[in-house]
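The values are calculated or read from the model by the stated rules, or taken from the named source; none is laboratory data. Given the structure is predicted, the values throughout are model-derived calculations rather than measurements. Every residue, glycine as well, gets a Cβ built from its backbone with ideal geometry; the counts of neighbours run over all protein chains shown. Ligands, DNA and RNA are excluded from the accessible area calculation, which covers all protein heavy atoms including side chains. Shrake-Rupley method; radii C 1.70, N 1.55, O 1.52, S 1.80 Å.
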Amino acid sequence: VGVIVFLKIAGALFELVRIFDYLADKAQVNSMHLELILKIIGVAYLAGFGAQICRDAGEGALALKLELAGKITILLLAAPVMGAIMEMVFRIL
């Protein structure tokens with residue numbers, strides 16, 4: 001059922017990505033940053049969705065491990081942005 005629901009809203013998701021792309025273009029945000037943000041959002045949703053499926057199957061411990069893996073993946077994806085922010089702070093100081 002979850003896959004069917006996802007397929008039904010896929011068009012709306014593509015429209016949302018198009019809107020984000022338009023707004024990022026208007027704000028002159030680097031497309032790499034927008035892509036990274038969308039990846040992070042995707043990882044968060046997939047990890048949460050997968051963990052909920054594990055919980056529904058009675059596998060609470062596996063759900064916690066899947067959530068942990070999602071959080072670590074998000075941290076790894078965000079590391080370049082955090083490094084760029086630190087560089088800017090050091091330049092200001």
Only residues that are over 18 Å from VAL81 (Cβ atoms) and touching a helix residue (DSSP H, G or I) at 6+ places or on another chain (Cβ under 9 Å): list them for the stretch 24-44, please.
-> ASP25
In the stretch 18-53, how many are loosely packed, with under 12 Cβ neighbours inside 10 Å and of a type in the set (A, V, I, L, M, F, W, C)?
-> 4
The lone condition PRO80 fails out of (1) open to solvent by less than 100 Å² (accessible area, probe 1.4 Å); (2) closer than 29 Å to VAL1 by Cβ; (3) not aliphatic (A, V, I, L, M) is (2)
Any residue in the stretch 1-16 that's touching a residue at least 24 places away in the same chain (Cβ under 8 Å) and closer than 22 Å to ASP56 by Cβ: show its pairings with residues that are open to solvent by 100 Å² or more (accessible area, probe 1.4 Å) and assigned to a helix (DSSP H, G or I) at Cβ separation under 9 Å, as long as the two are six or more apart or on different chains.
-> GLY2/PHE49
Would you pick out the residues in the stretch 26-46 that are at pLDDT below 85 and in a helix (DSSP H, G or I)?
-> SER31, MET32, HIS33, LEU34
Kindly indicate whether any position in the stretch 53-64 is touching a Gly at 6+ places or on another chain (Cβ under 8 Å) and of a type in the set (Val, Ile, Thr).
-> yes
For GLU59, all conditions in the list (1) over 19 Å from the mean Cα position of the chain (by Cα); (2) loosely packed, with under 14 Cβ neighbours inside 10 Å hold save one; what is the number of the exception?
-> (2)
